1. Compute the distance in nm between two label points, each set 7 Å from the Cα along the Cα-to-Cβ direction, one at B:D141 and one at A:N218.
2. Report the A-B buried area as the accessible area lost on both sides summed, probe 1.4 Å, in Å² to the nearest 100.
3. For segment B:87-98, just list the computed ³J(HN,Hα) in residue order, Karplus coefficients 6.51, -1.76 and 1.60, θ = phi - 60°, integers in Hz, with x standing in for Gly and Pro.
4. A drop of at least 10 square angstrom in accessible area, chain alone versus all protein chains together, probe 1.4 Å. Which residues of segment B:175-212 meet that?
5. Before I look further, what does segment B:89-142 give for accessible area per residue, probe 1.4 Å, in whole square angstrom?
6. As a test of the formula, what do you get for chain A when each DSSP H run with n ≥ 4 contributes -39,500 (n - 2.57) and the sum is divided by the residue count, at 222 nm and rounded to the nearest 500 deg cm²/dmol?
7. If we hang a label 7 Å off Cα along the beta carbon direction at A:A149, how far is it from the matching labels on the other copies, in nm, shortest first?
8. Output wanted: per-residue J couplings in Hz (rounded whole) for segment B:117-131, from phi through Karplus 6.51 cos²θ - 1.76 cosθ + 1.60, θ = phi - 60°, x for Gly and Pro.
2 protein chains.
Amino acid sequence: MANDHILKRFDEELERLNATINEMGGLTEAQFAKALQAVRDRDTAIAEEVIADDARVDALDVVVQEQTVKMLALRQPMAVDLRVVLSSIKIAAALERIADYAKNTAKRSIVLAQGSAPPSAVAGIDRLGRLVRAALKDVLDAFADDDVAKARDVWDRDEEIDQVYTGLFRELLTYMMEDPRTITACTHLLFMAKNIERAGDHVTNIAELVSFRNTGQNFAEARRKGSGALYTTDTAP
Amino acid sequence: MANDHILKRFDEELERLNATINEMGGLTEAQFAKALQAVRDRDTAIAEEVIADDARVDALDVVVQEQTVKMLALRQPMAVDLRVVLSSIKIAAALERIADYAKNTAKRSIVLAQGSAPPSAVAGIDRLGRLVRAALKDVLDAFADDDVAKARDVWDRDEEIDQVYTGLFRELLTYMMEDPRTITACTHLLFMAKNIERAGDHVTNIAELVSFRNTGQNFAEARRKGSGALYTTDTAP
């Protein structure tokens with residue numbers, strides 16, 4: 001009886017924890033989408049919103065930390081339950097980082113709106129951003145539904161994101177070389193592209209964690225970006 | 001008696017945890033110093049060492065996570081003890097990120113060694129790097145000695161690091177504009193500078209955590225980089 005009671009409490013707390021992460025995920029997705037909109041439409045009002053609202057994502061990350069510490073201390077979960085609690089901390093941390101990248105992209109969009117960025121380069125950022133945004137949406141669905149196959153699909157798409165990033169990077173270098181007046185604007189676009197690509201890496205990490213919490217297994221023992229790729233996308237330019 | 005026994009166990013575990021973090025700190029400092037050396041001396045062998053040894057830092061971070069989860073679950077620390085355990089997790093995470101930035105800098109140094117980077121720009125990276133390296137060394141000493149005054153000194157120095165970073169950034173943009181043939185090399189230097197500046201931010205975070213674990217207080221309720229600095233160093237270029 002007492003044991004059932006403890007188990008019931010743990011399940012209730014886990015449900016609350018999942019709800020917090022789902023809320024954090026929804027907010028992060030909205031922040032990311034709005035940051036892309038700010039870049040695309042040169043909309044500084046939206047950018048300011050993204051910058052201000054980042055504190056809400058940070059606050060939810062603190063809630064996740066509090067909830068998990070309480071669960072670890074009071075319920076002393078073992079095996080599967082411990083795995084679920086620990087992966088929750090890491091998923092929240094990844095979402096917090098993705099939101100940070102969205103905030104930084106929004107900040108740069110404000111500076112960019114004042115200058116003359118090559119429109120096709122801005123379109124390239126949007127293309128890369130939409131890929132990552134779709135992956136983020138799908139990995140959040142995979143988390144909510146414990147859908148490991150969907151998480152695997154997201155994990156597989158990281159390669160395409162890296163390829164698009166590398167192509168965009170080369171394109172930006174070309175713009176700068178052809179017209180040095182675009183160097184300042186293109187430097188902002190380079191950092192935006194890097195932000196978005198890094199956000200994509202965190203989406204991939206979340207996909208791994210969805211697999212890990214459900215199966216105890218990662219998709220691969222070693223990440224594909226091993227030493228073989230040192231001098232390609234990982235260090236691009 | 002039983003309670004004393006539990007307390008003694010906690011203290012022993014805490015000592016072991018601190019030893020792990022000190023080891024992780026020493027290794028991270030060495031990695032950071034070697035990455036700077038790789039850039040300065042165009043030494044690709046040292047760069048390869050940094051890249052390979054990053055796994056050792058990651059492994060120590062996993063050890064810290066295991067030690068802290070065990071302490072939270074078995075000892076159920078409250079108040080001060082809980083603060084110390086939780087800050088340990090965050091200090092380890094910050095060190096892991098600093099080591100990542102060292103690794104990325106080392107990777108870029110290999111690409112850079114093949115091209116023709118402006119020597120004075122490379123010297124600028126070294127200057128910025130030495131500031132952050134000194135801050136890292138001091139904050140690790142502050143952690144080991146529970147020296148809040150020393151941590152405060154490190155925290156204060158972040159402003160100088162940001163200023164040097166911003167100056168370097170403008171310098172790099174000038175090089176690119178004056179000689180578009182340097183664009184590819186300077187783009188690597190831009191990302192290196194950003195890596196080093198971000199490592200400096202994490203050093204500042206560790207300084208905050210040294211204060212928090214000893215006093216329960218941060219140096220400031222809000223970080224100095226508030227909304228007022230949005231369009232200056234934080235989004236530089």
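1. 3.7
2. Details: alone 11750 and 11730 Å², together 20420 Å².
Approximately 3100 Å² gets buried when A meets B.
3. Karplus-based 3J(HN,Hα) across segment B:87-98 equals 5, 4, 4, 6, 5, 4, 4, 5, 4, 4, 5, 4 Hz.
4. B:M176, B:M177, B:P180, B:I183, B:T184, B:T187, B:H188, B:L190, B:F191, B:K194
5. Working: 1780 Å² over 54 residues.
Result: 33 Å² of accessible area for each residue.
6. Details: 6 runs with 199 residues, N = 237.
Dividing the helical sum by the residues of chain A leaves -30500 deg cm²/dmol.
7. 6.5
8. Computed from phi, the couplings for segment B:117-131 are 7, x, x, 6, 6, 4, 5, x, 4, 5, 4, 4, x, 5, 4 Hz.
The values are calculated or read from the model by the stated rules, or taken from the named source; none is laboratory data. No experiment lies behind these values; they were computed from the predicted model shown. Using ideal geometry, Cβ is built from the backbone for each residue, glycine included, and neighbour counts are taken over all protein chains shown. Side chains included, ligands, DNA and RNA excluded: accessible areas come from the protein's heavy atoms. Shrake-Rupley method; radii C 1.70, N 1.55, O 1.52, S 1.80 Å.
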